[in-house]
Amino acid sequence: MKHRIPRVALLIETSRSYGRGVLKGVVRCARLHGPWSFYITPGDFAHALPEMKQWGGSGIIARIESERTARAIQPTGLPTVGLDLPPHRLAPGIGRRRISEMHPDPVASVNMAIYHLLERRFQRFAFVEVANRIWSAQLEAAFADHMAEDGCEHFIYRSPLARREREWSREQDLMARWLRSLPVPIGLVTCNDDRGRQVLEAALAAGVQVPYEIAVIGIYDDDLLADMSIYRRSLELRCFRKTLGRSLHEELSNVRLEQVKRLPAETDLTTKRIARKTRFGGGSYMGQVFRKVLGQTPTQFLRHVRSR
């Protein structure tokens, strides 16, 4: 009797490194245990299931992102592997007995990012999530647990509730304001590199220095998006230096230094509070700038200004 080749529908995005990595693993498995025949449509998260009975499908590996996909899978009765399933997708209503789940370890992923930042002596941390994604929620929970256990100062960016406000042309200003509100220096973890790229864009709009003030790490590393972010950032910095004859870092330090020089005469703030208000990050860094530019410490400068 002729052996029937299993036919597997792959409803997984090919536009991200994570999805492509899963697909490579499936192909390796097929080489070892196959042959298998695949149904796949290149693209992002939205996929259409083929007519499984007509096609003669044997199983499904899918990211079940929508009710439409869940309803299409349910009547097939086929063994299904779901990626990053929300809890309600495992309810008996969509055939729990026939669905297995596969997902990365969110705790290990977050811990790796935080340990990297700790090695670079960051003491404050932030996390940027994306709305309506179970894997983002899992990473956020792992981040919050880690921060609670270590007692670290931390901040979490929440996506706007209104879908219209989540359009990047609108959300960028919201994120830029949030970035400006953070104490610096700070280590920031994003739920993926898409979000990491957006953080870099918002930081540029906010006048926040990366990585001097905010160091950004994206989970689920996407090589292409990471390379694009690095290229864009380096191009912007070269254009800035060519136009003004100094680096963005030098320009921001000069602006903040002018703010610091004005504040002693206008307020009774301490050196530490002035450093925080002007986003110098810490008194030690502000002291380095003062000694280099003015030849005196911030405390000496404040005493001199307030004694006049």
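The values are calculated or read from the model by the stated rules, or taken from the named source; none is laboratory data. Since the model is a prediction, treat every value here as computed from it, not as a measurement. With ideal geometry, Cβ positions are generated from the backbone for all residues, glycine too; neighbour counts draw on all protein chains shown.
Could you tell me whether segment 162-175 includes any residue that is assigned by TED's automatic domain parsing to the domain that holds Ile114, surrounded by 15 or more Cβ atoms within 10 Å (Cβ to Cβ) and not in a helix (DSSP H, G or I)? Checked against the condition, which is being assigned by TED's automatic domain parsing to the domain that holds Ile114, surrounded by 15 or more Cβ atoms within 10 Å (Cβ to Cβ) and not in a helix (DSSP H, G or I), segment 162-175 yields no hits at all. If you filter segment 264-285 down to residues that are among the small types (Gly, Ala, Ser) and more than 14 Å from Arg306 (Cα to Cα), you find that the one that is modelled with the highest pLDDT is Ala275. Being over 18 Å from Ser136 (Cα atoms) and at pLDDT below 80 holds for only one residue in Pro50, Pro87, and it is Pro50. Is at least one residue of segment 181-192 modelled with pLDDT of 90 or more and assigned to a helix (DSSP H, G or I)? Within segment 181-192, one or more residues are modelled with pLDDT of 90 or more and assigned to a helix (DSSP H, G or I).
For the subset of segment 15-42 comprising residues that are of a type in the set (Ser, Thr, Tyr) and over 24 Å from Thr76 (Cα atoms), which member is surrounded by the fewest Cβ atoms within 10 Å (Cβ to Cβ)?
Across segment 15-42, the extreme among qualifying residues is Ser15.
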